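Worksheet: one structure, shown below.
Each value in this text was obtained by applying a stated rule to the coordinates, not by laboratory testing. Note that the coordinates shown come from a computational prediction; the quantities given were computed from them, not determined experimentally. Reconstructed Cβ throughout: ideal geometry from the backbone, glycine too, with neighbour counts over all protein chains shown.
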Amino acid sequence: MRRSDRRRTAGFTLIEVLLGFAILLVVFAGLLPIFTRSVLNNVEGRESTQVSNLGRSQLEDRLQLAFNSWDLTIDAGTERQAVGYWDDGLADHLGDEEWSDDAGQAPTALWVRTTTVRQYGINGVRDNDLDGILDEIVGLQDADRDGHFDNPLAAGTPPINIHLKDVEVQLQNQANLSPGEPIELTLYAYKAF
């Protein structure tokens, strides 16, 4: 066997090994942002799921209350609002996350939850074309189609005139982890008398 043939079959040269490492380094450097973004998406998804479940719990708690309970009663104006702030707790403790009504937490809160209650009365029904199908419930019109009935009843309305309560829970992300618009979630439910 000649000397040049022995060198070719003996193994990789140092330059070939360094070139291989350089190619792997370029590939791994290209994949690193994907893994970083994946971790951020997982954290954001976990947080969004956790907070939306807590928002649903707030909505369900309000629906379990008696129709004329204090939390569903309008004190002034035409709606009642309660604001809560989500505190993620200490970084080295799991399970100490909680909602607080303390407005002092607003600058550091990750999420803000606003629960709004509105009340409505039904003043009658109309069958405009006389086909036997109700065309309109008087008192529950949404002319501007914004998702809210147009004529909420004010505080002090006699309870006998209140037939429907609208409960809205709105969650808004204060500490936006992703670029773009902040995450918002709004949940609605109606409680009938």
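Taking 0.36 nm per residue of separation and subtracting the Cα-Cα distance, what length does fully extending residue 65 through residue 82 add?
Numbers: separation 17, 0.36 × 17 = 6.12 nm, distance 1.55 nm.
Gain on stretching residue 65 to residue 82: 4.6 nm.
For the pair residue 141 and residue 122, how long in nm is the line joining their label points, each one 7 Å along Cα→Cβ?
1.8 nm
For the pair residue 155/residue 15, report the inter-label distance in nm, with labels modelled 7 Å from Cα in the Cβ direction.
Here the answer is 8.5 nm between the modelled labels.
Work out from phi, with θ = phi - 60° and the Karplus expression 6.51 cos²θ - 1.76 cosθ + 1.60, the ³J(HN,Hα) of each residue of the stretch 152-166, listed in order in whole Hz, and give x for Gly and Pro.
x, 7, 7, 4, x, 5, x, x, 5, 8, 9, 10, 8, 10, 9
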